[in-house]
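The values are calculated or read from the model by the stated rules, or taken from the named source; none is laboratory data. This structure is a prediction, so every number in the text was calculated from the model and none was measured. Glycine also receives a Cβ, built like all others from the backbone with ideal geometry; neighbour counts cover every protein chain displayed.
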Amino acid sequence: MILADEAPYYGEALTSLRDRLTELRPDAVVRTHTDPGKALAEGGEADLLVAIGSKALGATRAIPAGRGALHLFVTRDDWLQQVARDPGLTQHSALVLDQPPVHLVALARALLPKARALAIVLGPVGRRHLEAVRDEAEGLGFEPLIGTLDANDNPLAVLSPLVRVADAVLVVPDNADFNSAMAKWLLQLSFRARTPVIAFSNAYVRAGALASVFTAPEDVGREGAELIAAGFTAGGLPREMRLPRRYSLAINRDVAQALGIEVPDEAVCRQRIDAILEGRP
Amino acid sequence: MKRLWRAIAGRLQVRLLLIGSLPLLLATVLFTSYAIFSRQNDLLQRTESFGVRTAEYLANTLDFALFAKDPAVLASTATDIQSVPGILGVAFLDQDRRVLHASPGFPRRAQDFDARDDLGEQAREVGGALLVERVVYARDWGVNDYVTTWEMPRRGNLLGWVVVALDLEEARRAQDTIVVTSVGIGAVVLGSALLMSLVLAGSVVAPVRRLTDVVARLRGGDLGARAQATTSDELAELAEGINHLGETVAQNQRELERQVAQATWGLRATLAELRDKNLDLELSTEKAEAANLAKSDFLARMSHELRTPLTSIQGFVRLLESSLPDAAERNYCRIIDTASLSLMALIDDILEFARLQSGVQRVELAPFDLFDALENTVRLLAPIAHGKGVEVYLEIDRELSDCPVSDVSAVRQIVNNLVGNAVKFTTVGHVQVRCTRLADGWLQILVRDTGVGIAAEQREQIFDAFQQGDSGIARRFGGSGLGLAITHQHVDMLGGRIALDSQLGIGSEFRVELPCRWQSAVPPPAAPQPGTAVVFDSTQIGRDAACALLQRLFREVVCVGSFDDLIDVLASRPIAALNVNWSLSEPVSAQLAVLRHVIDELRCPIAIQVPLAALHEDIPAELVRGQDHVRWLGKPGGLEELRNALWPRLSDRGVAQAADLSGVRVLVVEDNPLSRLLLNKLLARTGCDYLEAADGRAAIEICQARRFDLLLFDLHMPEITGVEALRQLQQPGGCNADTPVIVLTADQALDIGRELSLVRVARVLGKPFDEQLLLETMLTLSGRSGMLPAAWFGSRAELSREAYFDEIDRLLSVVDSALSNGNQDGARESCHQLAGIVAIFRLGELEQLTQLLHSLVRVSDVGRAASMVVQLRIENDAQRRQNRRQSA
């Protein structure tokens, strides 16, 4: 295991991975390093190198071709940019943080069963998933209202008309700066318009979104361990980028109360989501 | 102000009050100032801080409204904020500092904001408001759960500014309130403290003041004053000390008063005694002074009374002698004359000695003309010496040009006595007088003779009164034996010394040395003329004496002792002047031959020094008269006489063209009618336009109305003198202020030069005026030239000789009357006129006698002057008779 640094959520993910791997493969021996150079020097005998975080991803580019590696705790954009920069990474496996858009659409439907118009806000990066998101929304009975924004656009000019007419606003993750810059205007506009926001992070919920599905550190650790165990079993990890299957759920009940929305408890909500996901074609 | 401050600060209570209150005042002022400053500062800081907090709050909360440019939100926020006390208003600016919204109370116009007007973090005072602004950024909200990239967090975008205007007027009002409150509190504290200090100072000062009053009373003489001790502190001890001191002083004063009373009584007695003695002394002094005055008066009267009859006797005896045909009778007359002369000399000596002994003689120091003093004195005695065939020489050191400051009367007496003595005791040879200035400044006078000499054993007593060489001398030479004693006393009186060298049968030398200061002559002596002057004298001593005189008049002087030498010199070079000295020892015929030769052959000025007796007896009258270039002078001749006789004239310089004075305007100012008449006749010949004034006042009146080209002025005139009249005429603006002035005066005294220095004078000419010299001067000063026409000369011939003798008689009467009345000034004045008149016709002895009279009157020798008046009358009568005979 190569940790990008000692951020607490990396530790949580590591702990979760080690615990889950032990459950699945008690024979597995896990060694942890925070110095990528040292890890590569000493990891010559390891069956698999696991890099946690974007910094660790950069350091493991030097891994010889043909040798498997799994990258955890990177966003999809980061991974795609690194792969574009270093084609050797196509020989590695990656489990990214970004929840599949369908999880977000499913959450919106689970919390707002009567909602019709769903405003979808896409940034310069998320815009490439426009088609997939729109399809997923329409699939769950929503009328998607697409709003795309660039960094230089006036967010109010784009968001205000969307927020005013939509029953809910769905925010697709983009790059970190865009997410932060846009959240302020979106949350205020939606608050004024009394339109709930479905977001992609726990922090969004704390800032004023109604609810979100997001990848928690334990989710990363557990799903990573399951991938590793399957890989060991299958004789190797699939060399691809995978979106997470596991997700965590966050609901801001104060916002729900302010907006007058009845929100079921988390377990019910998770059941509804799972049901929706399983009921998809 | 300074006095008021001293009076205030000098009071003890005030000083105590100042000592107590000044630090308090200082502290109060300092604390009050500090409190005001700090509270005002706090107030300003609080105000500014309030503004900053408000602006930051708005910047943090209104970013969305500013970003959205939501006027409703901005307006409502502005309205809310403006209602907060202390805030005048708020303004919201966009990214380009354009005003999005400003509340009505905001003190600044919208166009006042621009990009250059960014206040930044600083507050700024504008129009009574304090503006504080903060930037509004669009801050990002953290909606990402993880940091998954290495990019730095992006800063929010600038949205605009929030500007808060704070009410400074209210802050100022609050500041004023702080000032008023603080000052009021300070004043109350200070007043209370001052009041307490005053009360405390009063309590300290009151007993001190009581003690001061007691001390003042003691000092004022109230020795019974005592201080009351009301306390038991140091002041009580001080009061006790003052009381003790007062008691001691009172006792001492009583004792002193007793002693003073005793001393006063003694002093009064002494004073009374002294007063009596003073009275006695004053009486004695008065008596002594009265006796002195009486003595002086007696001596003066005796001098006059004794000399007058004797002089009359002498004069009439001489008249009688000249009119008697019998030789025996003429011999009797000569005996009477000789006896009267001896008696006269004896009287003179006795009176002079008595005057010196009486102590009435006073030393009067003044600058005097050495030539005038010595020449006149020597020339008085020269006729006597010449009568005995003895030459008299006077030689004044060539280098002497300053005037000695001494008693001229005493110097004359000394020289007179020594020369008189020398003449008396010399029968063959000469008497020589030499005068020089010693290295230490003393005046030295040597009188040498070739007389009988004085034996060594008699020299010690020679200066004692009534002592002569031996009894035989008295019989042989006569005399009182007082001359040298008188001389010695005069020398002592002047602080000088006298010494005698003598050889029996060879001669004597008296050496007198007198201390004196020297003063430059005013005006300074004229510089020597160019050209060569020749001295002809058969004796070496005579040549030396004449040479010393002529060197003052000419740059080169050649001395010859024989006729052959004279011929050689005359042949060898042109000469400017010739001085011939008649010798008593040379044959008369030989000397006459020489004189005839030089008079005929030479046209330069010739001065011939002749004993007066020889002028009458040995020299033919035709030789004396009718030669204008020849001057006959009494021997020894004086400096001024030689100058008048020998200095070159314009006509001698070969000016060919005839002179012309026609049209020249001349004013003649002369009080003597005869002199005025003479001038009148002279000027009439020249054709000039002239007017006459008889005194200074008339001259001033005439000069105010008319302008003249020349002024001829006499000096001695009644009422307004010539000098005073000239001073008034020469005032700036006068029409004759610049007219050239020729002064005509017979007075050659030294102080005339000093008086003339007060006015501007072109030329001073002696009286009687030399026609040629006067005409040449007039020509020069009127800017004309030419040879003087012969027709201008001979004005004197037009004068009546009878009128001339009458005028002399009249003036002699005036002089005699003035001398009898003790009117010295009047005598001098008339004498001056007499000198001017007498010389008109150059009647030798009359002129000489007048000069002597003039000298005697000037030195106030009344006795001798009276004698001289008698002699002059006799001489005048003789001349008048002679003139009548010639006319007949």
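Are there any pairs with C-beta distances below 7 angstrom linking a residue in the stretch A:184-205 that is farther than 28 Å from A:Tyr9 by Cβ to a residue that is part of a helix (DSSP H, G or I) and among the β-branched types (Val, Ile, Thr), with the two at least 6 apart or on different chains, and if so which?
A:Leu189/A:Val163; A:Ala193/A:Val163; A:Thr195/A:Val163
Does at least one position in the stretch B:546-566 carry a residue that is among the β-branched types (Val, Ile, Thr), more than 30 Å from B:Phe463 (Cβ to Cβ) and either out of contact with any helix residue (DSSP H, G or I) (no Cβ under 9 Å at 6 or more places or on another chain) or not in a strand (DSSP E or B) (or both)?
So far as the stretch B:546-566 goes, no, none of its residues is among the β-branched types (Val, Ile, Thr), more than 30 Å from B:Phe463 (Cβ to Cβ) and either out of contact with any helix residue (DSSP H, G or I) (no Cβ under 9 Å at 6 or more places or on another chain) or not in a strand (DSSP E or B) (or both).
Give the stretch B:51-80 a look and list any residue that's in contact with a strand residue (DSSP E or B) (Cβ under 7 Å, 6 or more places away or on another chain), at pLDDT 85 or above and closer than 18 Å to B:Val135 by Cα, or say none.
If the condition is that a residue be in contact with a strand residue (DSSP E or B) (Cβ under 7 Å, 6 or more places away or on another chain), at pLDDT 85 or above and closer than 18 Å to B:Val135 by Cα, then B:Gly51, B:Val52, B:Thr54, B:Ala55, B:Glu56, B:Leu58, B:Ala59, B:Leu74, B:Ala78 are the ones that fit.
Within the stretch B:130-152, take every residue that is modelled with pLDDT of 80 or more and more than 8 Å from chain A (Cβ to nearest Cβ) and give me the one that is surrounded by the most Cβ atoms within 10 Å (Cβ to Cβ).
B:Val136
Please work out if A:Ala225 is within 30 Å of B:Tyr137 (Cα to Cα), at pLDDT 85 or above, touching a Leu at 6+ places or on another chain (Cβ under 8 Å) and buried (at least 22 other Cβ atoms within 10 Å of the Cβ).
So A:Ala225 fails the test.
Out of B:Ala835, B:Ala797, I need the residue that is assigned to a helix (DSSP H, G or I), without any contact (Cβ under 8 Å) to a residue 24 or more places away in the chain and of a type in the set (A, V, I, L, M). Which one?
Numbers: B:Ala835 fails: without any contact (Cβ under 8 Å) to a residue 24 or more places away in the chain.
That would be B:Ala797, the only listed residue that is assigned to a helix (DSSP H, G or I), without any contact (Cβ under 8 Å) to a residue 24 or more places away in the chain and of a type in the set (A, V, I, L, M).
Testing A:Pro238 on (1) surrounded by 18 or more Cβ atoms within 10 Å (Cβ to Cβ); (2) touching a strand residue (DSSP E or B) at 6+ places or on another chain (Cβ under 8 Å), one condition comes back false. Which one is that?
(1)
Regarding A:Arg127, is this residue assigned to a helix (DSSP H, G or I), free of Cβ contacts under 8 Å to residues at least 40 places away in the same chain and within 21 Å of A:Leu162 (Cα to Cα)?
Yes.
Taking only the stretch B:214-245 into account, find how many residues are assigned to a helix (DSSP H, G or I) and within 60 Å of the chain's Cα centre (by Cα).
So the answer is 5.
How many of the residues in the stretch B:500-525 are among the aliphatic types (A, V, I, L, M) and under 39 Å from the mean Cα position of the chain (by Cα)?
Of the residues in that region, 4 qualify.
If we scan the stretch B:118-129, do we find a residue that is surrounded by fewer than 22 Cβ atoms within 10 Å (Cβ to Cβ), away from chain A (no Cβ under 14 Å), over 60 Å from the mean Cα position of the chain (by Cα) and at pLDDT 85 or above?
no
Can you tell me how many residues in the stretch A:1-56 are at pLDDT 80 or above, under 13 Å from A:His71 (Cβ atoms), more than 14 Å from chain B (Cβ to nearest Cβ) and assigned to a strand (DSSP E or B)?
Within the stretch A:1-56, residues that are at pLDDT 80 or above, under 13 Å from A:His71 (Cβ atoms), more than 14 Å from chain B (Cβ to nearest Cβ) and assigned to a strand (DSSP E or B) number 2.
Just to verify a result, which residue in the stretch B:153-182, among those that are at the interface with chain A (Cβ under 10 Å from one of its Cβ atoms) and in a loop (DSSP other than H, G, I, E, B), is modelled with the lowest pLDDT?
B:Pro153
Would you mind finding the one in A:Asn179, A:Asn154 that is free of Cβ contacts under 8 Å to residues at least 12 places away in the same chain and facing chain B (nearest Cβ under 10 Å)?
Within the list A:Asn179, A:Asn154, the selection yields A:Asn154.
Of everything in the stretch A:182-208, what is at the interface with chain B (Cβ under 10 Å from one of its Cβ atoms), small (Gly, Ala, Ser) and closer than 19 Å to B:Ala138 by Cα? Give them in sequence order.
A:Ala183, A:Ala203, A:Ala207, A:Gly208
Identify all residues within the stretch A:136-158 that are of a type in the set (A, V, I, L, M) and not in a strand (DSSP E or B); write none if there are none.
Correct list: A:Ala137, A:Leu140, A:Leu149, A:Ala151, A:Leu156, A:Ala157, A:Val158.
Is it true that A:Ala183 is within 25 Å of the chain's Cα centre (by Cα) and over 22 Å from A:Arg116 (Cα atoms)?
Yes: the conditions hold for A:Ala183.
For A:Ala230, work out the one condition from (1) crowded, with 19+ Cβ neighbours inside 10 Å; (2) within 30 Å of A:Ser16 (Cα to Cα) it doesn't fulfil.
That leaves (1) as the condition not met.
Here is a check on your reading of the model: is B:Gly481 at pLDDT below 90 and in a loop (DSSP other than H, G, I, E, B)?
Yes: the conditions hold for B:Gly481.
Let me confirm something: among A:Ser180, A:Ser201, which residue is hydroxyl-bearing (Ser, Thr, Tyr), modelled with pLDDT under 90 and under 17 Å from B:Tyr146 (Cα atoms)? Steps first, please.
Working: A:Ser201 fails: modelled with pLDDT under 90.
Only one candidate qualifies: A:Ser180.
Quick check: is even one residue across the stretch A:112-135 at the interface with chain B (Cβ under 10 Å from one of its Cβ atoms) and either touching a helix residue (DSSP H, G or I) at 6+ places or on another chain (Cβ under 8 Å) or small (Gly, Ala, Ser) (or both)?
The answer is no, given that none of the residues of the stretch A:112-135 is at the interface with chain B (Cβ under 10 Å from one of its Cβ atoms) and either touching a helix residue (DSSP H, G or I) at 6+ places or on another chain (Cβ under 8 Å) or small (Gly, Ala, Ser) (or both).
Is there a residue in the stretch B:214-221 that is more than 14 Å from every other protein chain (Cβ to nearest Cβ), over 30 Å from B:Thr79 (Cβ atoms) and either among the hydroxyl-bearing types (Ser, Thr, Tyr) or surrounded by 19 or more Cβ atoms within 10 Å (Cβ to Cβ) (or both)? Give the steps one after another, and end with the answer.
Restricting attention to the stretch B:214-221, the residues satisfying the condition of being more than 14 Å from every other protein chain (Cβ to nearest Cβ) are B:214-221.
With over 30 Å from B:Thr79 (Cβ atoms) added as a condition, the list becomes B:214-221.
Still in the list and also either among the hydroxyl-bearing types (Ser, Thr, Tyr) or surrounded by 19 or more Cβ atoms within 10 Å (Cβ to Cβ) (or both): B:214, B:218.
Checked against the condition, which is being more than 14 Å from every other protein chain (Cβ to nearest Cβ), over 30 Å from B:Thr79 (Cβ atoms) and either among the hydroxyl-bearing types (Ser, Thr, Tyr) or surrounded by 19 or more Cβ atoms within 10 Å (Cβ to Cβ) (or both), the stretch B:214-221 yields at least one hit.
Would you check which residues across the stretch B:777-791 are surrounded by 19 or more Cβ atoms within 10 Å (Cβ to Cβ) and in a helix (DSSP H, G or I) and list them?
B:Thr777, B:Met778, B:Leu779
With (1) crowded, with 23+ Cβ neighbours inside 10 Å; (2) closer than 28 Å to B:Tyr137 by Cα as the list, and A:Asn152 as the residue in question, which single condition is left unmet?
(1)
Pick out the one residue from A:Glu138, A:Glu143 that is without any contact (Cβ under 8 Å) to a residue 12 or more places away in the chain, surrounded by fewer than 20 Cβ atoms within 10 Å (Cβ to Cβ) and more than 14 Å from chain B (Cβ to nearest Cβ).
A:Glu138
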